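Structure, as structure tokens:
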Ligand SMILES: C[S@@+](CC[C@H](N)C(=O)[O-])C[C@H]1O[C@@H](n2cnc3c(N)ncnc32)[C@H](O)[C@@H]1O
């Protein structure tokens with residue numbers, strides 16, 4: 001069906017007019033009617049590209065020469081830009097990166113949730129995440145967690161090439177924080193699979209040499225200004241990588257939900273209890289917070305972090321299992337068929353409440369999935385805050401939330417990952433009138 005559209009093949013050089021940005025860190029162009037996802041370009045540019053991959057019904061390409069540049073194009077600050085797969089937008093002025101991300105959110109909501117965000121007064125604006133130190137945001141030096149890959153042949157530490165297992169040796173990563181850089185992981189040989197560096201908000205730097213079994217044991221502490229509290233976690237456990245992200249997201253979630261004393265709140269995909277702690281403080285001793293998390297070390301830390309809040313209960317397990325709904329796994333082809341054959345309705349946990357006033361969802365990239373979303377709306381909360389690192393998953397789940405009697409009341413978007421195509425969105429849902 002697609003074979004006769006374009007005869008271009010990987011390795012070919014072609015000239016293209018670049019169209020709009022698309023989710024995933026590339027722009028869309030057309031070659032003989034076929035879609036081409038082009039990296040390292042900007043909308044409106046004319047470029048010479050090399051075809052890098054032939055997909056089913058589309059091509060992938062990378063710019064090799066800019067024939068007519070966009071005014072938003074800049075010289076990448078990093079000399080590994082375009083080679084290392086870590087950053088997508090080093091060639092784009094920071095303000096324009098945020099406009100591109102906003103365009104992606106707008107497009108994903110239109111396509112996957114059939115919502116015109118501007119039409120409901122929620123046209124997305126991608127905001128900077130303020131640094132707790134007050135330092136200026138130039139898009140660099142924000143990453144407090146970096147897992148360096150190690151080249152199995154040479155032992156050199158580096159970062160992976162785009163869509164490849166190849167390791168690009170680097171001397172420094174400009175988006176990493178200076179303390180991560182000063183840990184001295186690059187520029188020496190390692191007998192390891194990878195080396196992970198974490199800088200905490202207290203300035204401690206932990207280097208974990210992987211394989212993970214050996215590394216997963218070091219306790220660290222992160223301070224959250226919005227809560228004026230320290231949370232303990234494993235050095236390799238989940239924590240936001242931008243130093244201002246956790247505190248910013250707590251503030252936004254509390255602002256959206258406005259928890260009241262005595263209310264019952266759920267924190268789903270709760271990690272070490274960041275939002276659970278925020279909610280427990282607000283609902284107070286007469287309220288209740290139930291946190292659900294599948295990673296056992298994280299739930300153990302969450303219990304410690306919430307130890308002074310007797311109104312908080314931490315449940316170990318998958319949200320979908322504990323709600324008694326089929327598992328949500330978004331994977332292609334054979335895996336998806338296998339997953340759907342496995343799909344069964346587990347027996348839910350009696351510890352999950354039958355109703356709630358407030359729900360926070362902060363799932364991994366795959367999103368919560370329709371079944372979990374339906375289970376959440378069935379609790380009839382007066383407010384749901386959905387924290388999402390993938391706008392596509394958020395838009396898909398938004399469609400389900402809306403089908404189940406809720407309306408989108410707010411949307412905040414944050415550039416928690418400058419220079420990359422990633423962003424964080426927080427959506428607020430309330431019962432539809
Ligand atoms: C994006 S993190 C959010 C963690 C926490 N809310 C925070 O802000 O620190 C997602 C969390 O969901 C957990 N997780 C992934 N799949 C899960 C599932 N099916 N059920 C429960 N937790 C899950 C991961 O272990 C991870 O801690």
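Residues that are surrounded by fewer than 22 Cβ atoms within 10 Å (Cβ to Cβ) and away from the ligand (no atom under 14 Å from the Cβ) were ranked within the range 236-263; the one that is farthest from residue 200 (Cα to Cα) is 262. Scanning the range 176-185 for residues that are outside any strand (DSSP E or B) and either within 25 Å of residue 53 (Cβ to Cβ) or without any contact (Cβ under 8 Å) to a residue 60 or more places away in the chain (or both) turns up 178, 179, 180, 181, 182, 183, 184, 185. Among the candidates 394, 408, 402, the residue that is out of contact with any helix residue (DSSP H, G or I) (no Cβ under 6 Å at 6 or more places or on another chain), within 22 Å of residue 111 (Cβ to Cβ), in the same structural domain as residue 243 (by TED's automatic domain parsing) and assigned to a strand (DSSP E or B) is uniquely 408. For residue 198, the criteria (1) within 23 Å of the chain's Cα centre (by Cα); (2) buried (at least 19 other Cβ atoms within 10 Å of the Cβ); (3) assigned to a loop (DSSP other than H, G, I, E, B) hold in every case but one, which is (3).
Kindly provide the set of residues from the range 375-391 that are more than 17 Å from residue 111 (Cβ to Cβ) and either touching a helix residue (DSSP H, G or I) at 6+ places or on another chain (Cβ under 8 Å) or assigned to a helix (DSSP H, G or I) (or both), ordered by number. Within the range 375-391, 375, 376, 377, 383, 384, 385, 386, 387 qualify. Out of the residues in the range 264-281 meeting the condition of being more than 20 Å from residue 328 (Cβ to Cβ) and in a loop (DSSP other than H, G, I, E, B), tell me which one is nearest to the ligand (Cβ to nearest atom). The extreme case among them is 272.
Could you tell me whether any residue of the range 322-338 is near the ligand (Cβ under 10 Å from one of its atoms), at pLDDT 95 or above and either within 27 Å of residue 219 (Cβ to Cβ) or surrounded by fewer than 21 Cβ atoms within 10 Å (Cβ to Cβ) (or both)? Yes, the range 322-338 has at least one match.
Among residues of the range 7-21 that are under 13 Å from residue 64 (Cα atoms), those with a beta-carbon under 6 Å from a residue that is surrounded by 12 or more Cβ atoms within 10 Å (Cβ to Cβ) and at pLDDT below 95 at least six positions away or on a different chain give the pairs 14/8.
Checked against (1) more than 14 Å from residue 361 (Cβ to Cβ); (2) in a helix (DSSP H, G or I), residue 320 meets all criteria but (1). Return the residues of the range 352-369 that are under 26 Å from residue 126 (Cα atoms) and away from the ligand (no atom under 11 Å from the Cβ); say none if nothing qualifies. Correct list: 358, 359. Could you list, in sequence order, all residues of the range 282-302 that are within 14 Å of the ligand (Cβ to nearest atom) and either at pLDDT below 95 or more than 21 Å from residue 256 (Cβ to Cβ) (or both)? The answer is 293, 294, 295, 296, 297, 298, 299, 300, 301, 302.
Just checking, how many residues over the range 351-374 are surrounded by 23 or more Cβ atoms within 10 Å (Cβ to Cβ) and either on the phi > 0 side of the Ramachandran plot or part of a helix (DSSP H, G or I) (or both)? Total satisfying the criteria: 3. Of the strands (runs of 3 or more DSSP E) lying entirely inside the range 127-169, those containing at least 3 residues that are touching a residue at least 60 places away in the same chain (Cβ under 8 Å) and assigned by TED's automatic domain parsing to the domain that holds residue 210 span 157-160.
With respect to (1) farther than 23 Å from residue 138 by Cβ; (2) over 23 Å from the mean Cα position of the chain (by Cα); (3) free of Cβ contacts under 8 Å to residues at least 40 places away in the same chain, the lone exception for residue 38 is condition (2).
Contact map, the range 57-69: residues that are closer than 22 Å to residue 93 by Cα paired with residues that are part of a loop (DSSP other than H, G, I, E, B), Cβ distance under 7 Å, separation 6+ or inter-chain. Pairs shown: 62/40; 63/40; 63/41; 66/45; 68/45; 69/45. Restrict the check to the range 91-101 and report whether at least one residue is out of contact with any helix residue (DSSP H, G or I) (no Cβ under 9 Å at 6 or more places or on another chain), surrounded by fewer than 20 Cβ atoms within 10 Å (Cβ to Cβ), assigned to a strand (DSSP E or B) and not assigned by TED's automatic domain parsing to the domain that holds residue 392. The answer is no, given that none of the residues of the range 91-101 is out of contact with any helix residue (DSSP H, G or I) (no Cβ under 9 Å at 6 or more places or on another chain), surrounded by fewer than 20 Cβ atoms within 10 Å (Cβ to Cβ), assigned to a strand (DSSP E or B) and not assigned by TED's automatic domain parsing to the domain that holds residue 392.
You will find that of 341, 382, the residue that is surrounded by fewer than 23 Cβ atoms within 10 Å (Cβ to Cβ) and at pLDDT 95 or above is 382 and no other.
Would you confirm, using the coordinates I've provided, whether residue 309 is modelled with pLDDT of 95 or more and surrounded by 14 or more Cβ atoms within 10 Å (Cβ to Cβ)? The answer is yes for residue 309.
The values are calculated or read from the model by the stated rules, or taken from the named source; none is laboratory data. In this text, all values refer to a predicted model and were calculated from it rather than measured experimentally. Here the Cβ is made from the backbone with ideal geometry for all residues, glycine too, and neighbour counts use every protein chain on show.
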